[in-house]
Amino acid sequence: MLGLAGTMATADAPKWVSLFNGRDLSGWTVKIAKRPLGENYAETFRVEDGIIKVDYSRYGKFDGQFGHLFTNLAYSHYILRMEYRFTGEMMKDAPGYVNLNSGVMLHAQPPQSMRFDQGFPSSLEMQFLADEGKGARPTGNLCTPGTHVEMGGQLVTKHIVTSSAPTLPTETWVKAEVEVRGHDEIIHRVNGVEVLRYQHPQLDPRNDNAPATDQLEAGGNRLLGFGHIALQAEGQPVWFRNIELLPLEPK
């Protein structure tokens, strides 16, 4: 019986689930600023060799068309892991800060709720960066479009919270992992090492770039405990692969 119980416990344990089938974008929805919901303009997001590639080879100019690829489902308690790799050069008319810059958005608003020309969803971004050759530039930071968090019991309102991760070279596959515990706590890890943690994510109704007022006026909760996951396309080619999620039980 003990052996059987042990076997059953193992069988019932949560398992890693692939969010990307390696063949197409089934299960995901594209939203690009200045484009209708669902339009994958110029194949910004394309699938090749089991990789989601953010590609701008068919663009004439970037023209502020920040894009995101959203999971169709929303999630609350989970560990998300993936690998990313920067390649190529940023669009010349994109803002300079997007150079070797991308990320994954957590607790993101539904793509259906975004304004037509909205560049970024209200969300918590685990930011991915690579070395520009200009000094330290750690990856795994937190960016807060339309949101605030707490750290050590104090409200943090600045847009970027720097992680303790190293500066990593471009053209290299990097393992990113984030542990999300609803509204309680979120932990960033890079190549298996914890680099940042914060608590109590919440909407910032004063933010103009990712307006939380839309969600609040529609009856949304100011305190963020769940949301969509979204891969970013902000003018820099980047690749994503091995995107997996492990469901967690609330504590």
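The numbers here are math on the coordinates, done by the rules we state, and not lab data. Since we're looking at a predicted model, the values are computed, not measured. Positions of Cβ are backbone-derived with ideal geometry, glycine not excepted, and every protein chain shown enters the neighbour counts.
The table below gives the values:
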item: Estimated dipole of the chain in Debye, rounded to 20 [Cβ of Lys and Arg +1, of Asp and Glu -1, Cα centre]; result: 60 debye
item: Anchor Lys61: lysines whose Cα lies under 27 Å away (excluding residues fewer than 8 positions away in-chain); result: Lys31, Lys34, Lys53, Lys92, Lys134
item: Enclosed volume per residue, in Å³, of the convex hull spanned by Cα atoms of region 11-146; result: 139 Å³
item: Those residues of region 42-58 whose amide nitrogen sits under 18 Å from the label point placed on Glu83, 7 Å along Cα→Cβ; result: 47-54
item: Square roots of 5 times each gyration tensor eigenvalue, C-alpha, region 22-247, largest first, Å; result: 24, 21, 17
item: Under the Karplus curve 6.51 cos²θ - 1.76 cosθ + 1.60, θ = phi - 60°, whole-Hz ³J(HN,Hα) for region 178-190, x wherever Gly or Pro sits; result: 9, 9, 10, 10, x, 8, 7, 6, 9, 10, 9, 10, 10
item: Segment Leu37-Lys175, extension gain: residue separation times 0.36 nm, minus the distance between their alpha carbons; result: 46.7 nm
item: Spacing of the two label points (7 Å from each Cα toward its C-beta) at Thr162 and Lys92, in nm; result: 3.2 nm
item: For region 77-86, 3J(HN,Hα) per residue [Karplus equation, 6.51 cos²θ - 1.76 cosθ + 1.60, θ = phi - 60°, Hz, x = Gly/Pro]; result: 10, 5, 10, 10, 9, 6, 10, 10, 8, 7
item: For Lys34, distant residues with modelled amide H under 5 Å away; result: Asp117, Gln118
item: GNM result for the chain, Cα springs below 10 Å: residue of Gly60, Gly140, Gly50 fluctuating most strongly; result: Gly60
item: Net charge contributed by nearby residues that have their C-beta within less than 15 Å of Asp63 (K/R +1, D/E -1); result: +1
item: Gap separating the Cα centres of region 177-251 and region 61-117, nearest whole Å; result: 12 Å
item: The chain - mean residue ellipticity at 222 nm from DSSP helices (-39,500 (n - 2.57) per run, n ≥ 4, rounded to 500); result: -1500 deg cm²/dmol
item: Spacing of the two label points (7 Å from each Cα toward its C-beta) at Asp117 and Arg23, in nm; result: 4.0 nm
